[in-house]
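Structure first, then comments.
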Amino acid sequence: MLGALVGVAGSLVQGGWFPGGLLLALLGAAGAFLGGARLTGTRGGAVAPAAGWFVAVILLTSTRPEGDFVFGAGTGSYVFLLGGMAVAVICATLGLPGQPQGPAARLGK
């Protein structure tokens, strides 16, 4: 749910205050993805908010029968879509915490 909320908020902010809104939207998405990975300690923690973000953003890209839409055809919209996907992949692969602290001895001895 947090990923969907970040996706909707980012979709509205990125077009409103270009280029600062775009940067804010991508940083918010990165915070949600990286926070999920750090909170759970697994890659799935980053994938869950990324999936919610992706679903919300894809649903907002479709037009309604009345012709209303959230995303314009500008470069900021494409940077938000592709940049958000890239940030999700980066946070899922690099967002894991380090090895757990323990004794320096080898296991099994």
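Since every read-out is calculated from the coordinates, none of them should be taken as a lab result. None of these values were measured; they are calculated from a predicted model. All Cβ positions, even for glycine, are placed from backbone atoms using ideal geometry, and neighbour counts span all protein chains on display.
Looking only at the stretch 60-76, decide whether some residue is surrounded by 20 or more Cβ atoms within 10 Å (Cβ to Cβ), under 18 Å from Leu5 (Cα atoms) and out of contact with any Asp or Glu (no Cβ under 9 Å at 6 or more places or on another chain). Within the stretch 60-76, not a single residue is surrounded by 20 or more Cβ atoms within 10 Å (Cβ to Cβ), under 18 Å from Leu5 (Cα atoms) and out of contact with any Asp or Glu (no Cβ under 9 Å at 6 or more places or on another chain). In the condition set (1) touching a residue at least 24 places away in the same chain (Cβ under 8 Å); (2) in a helix (DSSP H, G or I); (3) among the aromatic types (Phe, Trp, Tyr), Tyr78 is compliant with all but (1).
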